[in-house]
Protein chains: 2
Amino acid sequence: MGQTPKSMTIYNNTPLMTVFRSPQQDYEHLCEHVQIWDVSCERQVEIAGGDAVKLVELITPRDVSKCEIGQCMYIPLVDENGGIVNDPILLRLNKEHFWLSIADSNVLLWVKGIAYGMGYRTSIQDPDVNPLAIQGPRSDDLMVDLLGENIRKLPFFRFFRKTLAGTSFYIARSGWSGQGGFEIYLEECSKGLDLWDCIWDAGQKYNIRAGCPNSIDRIERGLLSYGNDMTLAENPFVCGLDRFISRDKKAECMSSGALSKAYEQGTTHKLVYLLIPGKSLTPPRETWRVSDESGTTRGYLTSMAYSMRYGGNIAFATVEAQFSTPGQALFVEIDSDEQATATVLSEFRD
Amino acid sequence: MGQTPKSMTIYNNTPLMTVFRSPQQDYEHLCEHVQIWDVSCERQVEIAGGDAVKLVELITPRDVSKCEIGQCMYIPLVDENGGIVNDPILLRLNKEHFWLSIADSNVLLWVKGIAYGMGYRTSIQDPDVNPLAIQGPRSDDLMVDLLGENIRKLPFFRFFRKTLAGTSFYIARSGWSGQGGFEIYLEECSKGLDLWDCIWDAGQKYNIRAGCPNSIDRIERGLLSYGNDMTLAENPFVCGLDRFISRDKKAECMSSGALSKAYEQGTTHKLVYLLIPGKSLTPPRETWRVSDESGTTRGYLTSMAYSMRYGGNIAFATVEAQFSTPGQALFVEIDSDEQATATVLSEFRD
């Protein structure tokens, strides 16, 4: 049971719903009630074996030694040139057993290639784990009904093992929204419909709906989308991911040389939060150019949504660093003969 | 100018049209006239530098030393376990300069990972080259009008450099159809529309249409689709790619150990051509199970199309090796209460 989506995309070769009623209606419901999301497109890359720790440390500038068993950690993956390969959530299942719950790029082949070249003893695979997200302010109430009171005590970015609808899974307090909730890592694909129905039925009293990552919510909350707001062409400093670079990390890391150099040189571009006041804009089909007062191109929009809370269009843009200061006025080229004024904000969170 | 497609898919994160009028109408036109295809989804992975040859030799079981400058070569990419990673066309632009024109999987990250791990001196990138295919029996006539008589002499899987519509490009005699034609590797993306219009206008006298890879044509001609008919889970022997494994190859190759072992052991499964006579079948939403007379599952369909030429549905299926002999009768599970009889053919070509 559920609802029919209005639009979808393909993410890691897997369908991902993008709108059910309208972005605004989906957003309002997400902020008030609880939603169930099929996010099986968040594929897992399983890394296990004697060199698993070495491999995970090599591919991210974060210090993975600080990640405990049962903990999730957001780890940008960065190549030897400083380019962002992906920004997965790391789940440490055991000392030498990890899942990378990935964004939209083929980390499996990336990690397999590195492990082969380095001669590491690791087992690397896609274990066909299909995540389901429960998001929204009533997520706790719903999951307490299903899994018992102790789910309330699960801290953010921690997971434990639970059983429901005849299947056992990891459940983490996490999810790609700003409204709180959980992610369930379903291992037995054949139990998916039973699990969905079980949560669906219990969710009726909380006005549950089928949902999906919501563009308004995620931009308001500053959640970046790999492939849009950051790509292999950007380093973590451009995208404001400085805090995920452990400068005192001891393990060998393939990006450390490039990132030290990038840090010293400073970035030429920065990802900024833009507010474009006024009516809701329809994204043009081409790239959205951002220019200064003189009309000179200074960067490009990477994501945009209309936010009633901000009374305007909120967006991410990558612009030249000297135009990235909060308060900076910029112009977004809507069309060859139309431009909208925009202001750089320090962040959207309030 | 062109026509509007009826359906599309996403291939290497890029839109790819799949049907314009109907598969049958598109097929008939392709077999008789000439079509222009936007296949920019065929991304290039550029490998250059002192260790470029070593790297290309490492990732494919084919003997790349036999590939001359100006030559294309179909090279399955195979990992250290014998699994197929992709099946690109290799273009040798220069002694130490290659493009892999890839099918649908992220070869860029895999190759980058291997090169990093091996410590190779190579430059690896996606050069943003957008291929355009001219396919169908009138392709030669059309391209002669545009590029001169010597294009007729271009042998199969060879390329040279030409200029048209203000842009210079490699043009190869190749393409993902059985009807002959060319692929143009456009490097200046901004010239794409001019190039399209130029070919479009000249093609009017040959009844040119916008088109795309056609399911009927490609299955009839035995062209496999990566991600459907072969995946990382299959080795080249399963998919009948034996002839692309150079057993006397001298260069180091990461799959040679696994492939020697697989060769000695023999494969448990084989990809077969299936004819399912009768009316055109609508593919079920779930996996298409293939069973023997007793109802025991023996494999799965991987692709299917209705062919008027064969008076039935033609398909690829991966089945247990002992059920792969031409003439073998099998059953395709259309639905829980409906099955169709099928026969293994030696091939579809006649």
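Here the dipole of chain A is about 700 debye; that uses its Cα centre as origin and unit charges on the Cβ of Lys and Arg (positive) and Asp and Glu (negative). For A:GLY166, place a label point 7 Å out from Cα along the Cα→Cβ vector, do the same in each other copy, and report the separations in nm, one decimal, smallest first. Distances between equivalent label points, in nm: 6.5.
Measuring r between the beta carbons of A:ARG221 and B:GLN125 and using R0 = 41 Å, the FRET efficiency lands at 0.80.
Percent of alpha carbon pairs in region B:205-350 separated by more than 23 Å? Cα-Cα pairs of region B:205-350 separated by over 23 Å account for 41 percent.
With runs of 4+ DSSP H residues as the only contributors, calculate the mean residue ellipticity of chain B at 222 nm using -39,500 (n - 2.57) per run, divided by the residue total and rounded to the nearest 500. So the calculated ellipticity at 222 nm is -5500 deg cm²/dmol. Sorted from nearest, the other copies put their A:GLU68 label points 6.7 nm away, the label point being 7 Å from Cα in the direction of Cβ. I'd like to know how region A:1-53 sits against the 2.2 N^0.38 Å rule of thumb: what's its Cα Rg over that expected value? Cα Rg divided by the expected 2.2 N^0.38 Å: 1.59. The slack in the chain from B:SER22 to B:PHE156, taken as 0.36 nm per residue of separation less the alpha-carbon distance, amounts to 45.3 nm. With the solvent-accessible surface defined on protein heavy atoms using a 1.4 Å probe, which residues belonging to region A:106-139 display a reduction of at least 20 Å² in accessible area in the multichain context relative to the isolated chain? Residues of region A:106-139 that lose at least 20 Å² of accessible area once the other chains are added: A:ASN106, A:LEU109, A:TRP110, A:LYS112, A:GLY113, A:ILE114, A:TYR116, A:GLY117, A:MET118.
If you plug the beta carbon distance of A:CYS189 and A:GLN339 into 1/(1 + (r/R0)^6) with R0 = 60 Å, you get a FRET efficiency near 0.80. In this structure, A:ASP145 and B:THR268 have a Cβ-Cβ separation that, at R0 = 51 Å, corresponds to a calculated FRET efficiency of about 0.65. Counting Cβ atoms of other protein chains within 10 Å of each Cβ in A:7-14 and taking the mean gives 2.
When the Cα positions of B:ASN106, B:GLY257, B:ILE84 are compared along the charge dipole of chain B, B:GLY257 comes out farthest toward the positive end, with charges on each C-beta of Lys, Arg, Asp and Glu. For the protein assembly as shown, the antiparallel share of DSSP beta bridges with both residues in that region comes to about 95%.
Amide H to amide H distances under 5 Å link A:GLN179 with A:GLY136, where only residues 5 or more positions off or on other chains count and H is placed in the peptide plane.
Expressed as a whole percent, the proportion of Cα-Cα pairs in chain A lying more than 37 Å apart is 21%.
Start at zero, step by 5 Å, and the Cα-Cα distances of region A:69-145 spread as 3, 12, 18, 23, 20, 11, 6, 4, 3, 1 percent across the bins. Mean projected area of the convex hull spanned by the Cα atoms of region B:284-350, taken over all viewing directions: 4.7 nm².
Computed in the context of the full set of protein chains, the accessible area of chain A at 1.4 Å probe radius has 49% of its extent on carbon or sulfur.
Each residue of region A:67-82 was assigned a 3J(HN,Hα) from its phi angle through the Karplus expression (A = 6.51, B = -1.76, C = 1.60, θ = phi - 60°), giving 8, 7, 4, x, 10, 9, 9, 7, 10, x, 9, 10, 7, 5, 9, x Hz with x at Gly and Pro. The GNM of chain A, with springs linking C-alpha atoms under 10 angstrom apart, assigns the highest mean-square fluctuation among A:SER256, A:SER246, A:SER294 to A:SER294.
Which entries of B:LYS162/B:LYS191; B:LYS95/B:LYS250; B:LYS162/B:LYS205; A:LYS54/B:LYS112; A:LYS261/B:LYS95; A:LYS95/A:LYS249 show an alpha-carbon separation above 24 angstrom in the structure shown? Violating the 24 Å Cα-Cα cut-off are A:LYS261/B:LYS95. Highest mean packing first, where packing is the average number of other Cβ atoms within 10 Å per residue, the peptides B:160-166, B:44-50, A:213-219 line up as A:213-219, B:44-50, B:160-166. In this simple spin-label approximation, A:ASP201 and A:ARG309 carry label points 7 Å from Cα along the Cα→Cβ vector, and these lie 3.5 nm apart. Averaging 1/r over each pair of different alpha-carbon atoms in region A:1-157 and inverting the result gives 17.4 Å, the Kirkwood hydrodynamic radius. Computed with a 1.4 Å probe over protein heavy atoms only, the accessible surface of region B:125-218 comes to 39 Å² per residue. Hydrophobic long helices, here whole DSSP H runs in chain A with Kyte-Doolittle means of at least 0.0 and Cα atoms spread over 15 Å or more along the helix axis, are found at A:107-118, A:192-203. Taken over the protein assembly as shown, the ratio of Cα radius of gyration to 2.2 N^0.38 Å equals 1.00. Which whole-number percent is the relative contact order of chain B (Cα, under 8 Å, 6+ apart)? Relative contact order comes out at 18 percent. Straight-line reach from B:LYS270: taking Cα to Cα under 12 Å and skipping same-chain neighbours fewer than 8 places apart, the aspartates and glutamates in range are B:ASP229, B:GLU234, B:ASP242, B:GLU320. Annotation: amide H-H contacts under 5 Å for A:SER303 (H modelled 1.01 Å from N, sequence separation of 5 or more, or interchain): A:PHE316. Looking at region A:154-292 alone, DSSP beta bridges between its own residues are antiparallel in about 90 percent of cases.
The values are calculated or read from the model by the stated rules, or taken from the named source; none is laboratory data. Quick caveat: nothing in here was measured; it's all calculated off a predicted structure. Every residue, glycine among them, receives a Cβ derived from its backbone with ideal geometry; neighbour counts consider all protein chains shown. Side chains included, ligands, DNA and RNA excluded: accessible areas come from the protein's heavy atoms. Shrake-Rupley method; radii C 1.70, N 1.55, O 1.52, S 1.80 Å.
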